[in-house]
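Just so it is clear, none of the values below were taken in a lab; they were calculated from the coordinates. If you're wondering where the values come from, they're calculated on a predicted model, not measured in any experiment. All Cβ positions, even for glycine, are placed from backbone atoms using ideal geometry, and neighbour counts span all protein chains on display.
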Amino acid sequence: MKDLESLSASQAVKALAKREIKASDLLLSCLDRIGQRENVLKAWVSLGKENALARAKTLDKGAIKGLLHGLPMGVKDLFDTYDLPTAYGSPIYAKHYPNTDAVSVALLRQAGAIILGKTVTTEFASFKSGPTSNPHDSVHTPGGSSSGSAAAVADFMIPLATGSQTAGSIIRPASFCGIVGYKPTYGKISVAGVKSLAPSFDTLGCFGRTVEDVALGVAAMSGDIPLARVEGLHNKARIAICKTPDWHLASKETASALALARFTAQSIAKGQVGDFIFPESQKDLRAIQTRIMLSEMSRSLAFEREHYPKKMSVQILKQLSDGAQISYRQYQQDLLEAQSAGAYIDQLLRDELDLIIAPSAIGEAPLLKDGTGDPVFCRSWTLLGLPCINLNIASGSNGLPIGIQLIARKGQDSFLLSAARAFALASPDPILRDQA
């Protein structure tokens with residue numbers, strides 16, 4: 001057995017279920033890795049070492065419990081945990097201990113997971129950078145808002161971690177850190193017990209190193225246990241590339257990655273891989289998503305803004321101010337436009353296409369000093385509530401990862417996972433095939 005901390009989540013749970021390894025040994029390996037790297041990476045807000053080790057020893061002695069029996073996990077510090085502080089990335093909630101777990105965290109524990117600690121989130125999952133650095137180069141960002149979760153998984157501190165996405169907070173960090181990030185269909189996982197930012201978009205998901213890893217995580221978090229079994233792709237998929245109306249912002253490395261994605265997708269496509277272009281009436285989806293998000297943010301954080309403005313960043317206060325200036329009439333109109341776009345894309349993905357491939361981010365991870373990166377290539381898909389998964393496909397000029405996202409119809413999460421696995425296996429690069 002190789003170094004335990006380098007096992008993927010799916011490899012680890014199989015070994016744990018067969019009693020080939022102990023949960024306590026796996027946990028200690030992860031803690032050793034954290035001890036070696038945390039001073040550089042700064043991925044963790046808090047660690048519950050003693051409680052985690054006690055649970056691991058209990059699981060080692062008892063019967064196999066659930067999909068994730070004995071698997072150490074990181075939980076984004078936006079999710080309530082009864083036994084660890086939950087600060088939502090804000091000094092307002094320093095030393096805040098919720099009375100209960102978020103529903104998703106409770107389900108993870110029920111599935112046998114060991115919650116090792118809380119990972120760094122940006123302030124209320126918005127855009128102000130936290131302390132976490134990119135595991136590939138510490139002067140670059142890991143992305144946000146799920147900064148700590150993505151970095152910790154990429155750096156072999158933990159095999160699986162939770163994330164959330166309101167604009168691009170799972171897909172973009174996964175691309176920047178070179179791992180698999182899965183945002184399931186909107187509403188698939190209960191958001192109860194997770195600090196709300198924009199309820200029309202808030203979606204929970206996870207990070208792992210393989211497609212099978214993230215399938216396990218979302219299966220446990222949602223209670224959709226059959227999702228954990230990623231079936232082979234039995235029929236060739238109808239696939240199109242979508243550069244989106246914001247293609248002019250893409251780096252040359254992202255353009256090359258999408259060209260490679262087209263080549264790779266041809267092996268799993270029904271005929272040629274075509275192109276999908278948003279109709280003229282839907283060219284403003286990014287702006288619509290931004291307005292809805294800002295408008296809802298201004299209400300979701302109304303209490304904090306009223307009572308603790310001095311403990312909030314200038315950046316988020318500006319967003320809340322901008323959101324408050326959006327009229328409710330405009331907000332309602334934007335919701336109707338989003339609903340119309342959703343109906344159009346649902347029909348398209350029913351009648352003409354099975355899978356869309358699009359950029360995950362503008363390019364490589366920017367420098368830490370320049371923020372967490374622009375979620376521009378994720379906003380439309382988040383607006384539409386579609387399931388998305390990031391796969392690492394290339395490297396940029398700085399040697400940092402470049403990802404692409406695969407997108408399927410609402411509710412077609414099992415198909416998306418199968419297609420992602422088939423896509424990874426079709427990659428000409430043997431290292432990238434390991435993502436399957």
When you take every Cα atom in the chain, what is the radius of gyration, and what is Dmax, the widest Cα pair distance, in Å? 20.2, 61
Order of 314, 40, 45, 376 - criterion: other Cβ atoms within 10 Å of each residue's Cβ, fewest first: 314, 40, 376, 45
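Tell me, 140, 234, 96 in order of fewest to most beta-carbon neighbours within 10 Å? Don't skip to the answer; put the middle values down first.
Numbers: 140 22, 234 7, 96 12.
In increasing order of surrounding Cβ atoms, one gets 234, 96, 140.
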Over 32 Å between Cα atoms, which of 183/236; 18/95; 270/410; 18/270; 57/128 qualify? 18/95; 18/270; 57/128
Approximate spin-label separation residue 352-residue 317, in nm, with each point projected 7 Å along Cα-to-Cβ: 4.8 nm
Whole-Å semi-axes of segment 237-338's equivalent ellipsoid, largest first, each the root of 5 times a Cα gyration tensor eigenvalue? 38, 17, 11
Residues 304, 38, sorted so that the one with the fewest Cβ neighbours within 10 Å comes first: 38, 304
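Take the Cβ-Cβ distance between residue 14 and residue 36 as r, set R0 to 25 Å, and report the resulting FRET efficiency rounded to the nearest 0.05.
It comes out at approximately 0.45.
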Among 309, 387, 98, which one shows the highest mean-square fluctuation when the chain is modelled as a Gaussian network with alpha-carbon springs under 10 Å? 309
What the Cα atoms of segment 333-382 span along the principal axes, largest first and in whole Å, is 43, 29, 9
Would you kindly state how much longer the chain becomes between residue 47 and residue 6 on full extension, computed as 0.36 nm times their sequence separation minus their alpha carbon distance, in nm to one decimal? 12.8 nm
Put +1 on the Cβ of each Lys and Arg and -1 on the Cβ of each Asp and Glu in segment 269-396; which of 328, 353, 391 then has its Cα farthest toward the positive end of the dipole? 328
Given Cα pairs under 8 Å that are at least 6 residues apart, what percent is the relative contact order of the chain? 18 percent
Given the -39500 (n - 2.57) contribution per DSSP H run of 4+ residues, what per-residue ellipticity at 222 nm results for the chain, rounded to the nearest 500 deg cm²/dmol? -12000 deg cm²/dmol
Convex hull volume of segment 5-84 per residue (C-alpha atoms, cubic angstrom): 104 Å³
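Restricting to the chain, what percent of DSSP beta bridges are antiparallel, rounded to 5? Show your work: numbers first, answer last.
On the way: 28 of 41 bridges.
Among the beta bridges of the chain, antiparallel pairing accounts for roughly 70 percent.
Subtract the Cα-Cα distance of residue 256 and residue 192 from 0.36 nm times their separation in residues, and report this length gain in nm to one decimal.
This chain segment gains 19.0 nm when fully extended.
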Paramagnetic reach from residue 339 in segment 365-398 [backbone N under 18 Å; point 7 Å along Cα→Cβ]: 383-386
Using a basic spin-label model with each label point 7 Å from the Cα along Cα→Cβ, how many nm lie between residue 272 and residue 99? 6.3 nm
From Cα coordinates alone, what are the radius of gyration and Dmax values for segment 285-328 in angstrom? 10.5, 33
Subtracting the Cα-Cα distance from 0.36 nm times the residue separation, let me have the gained length for residue 138 to residue 54 in nm, one decimal. 26.9 nm
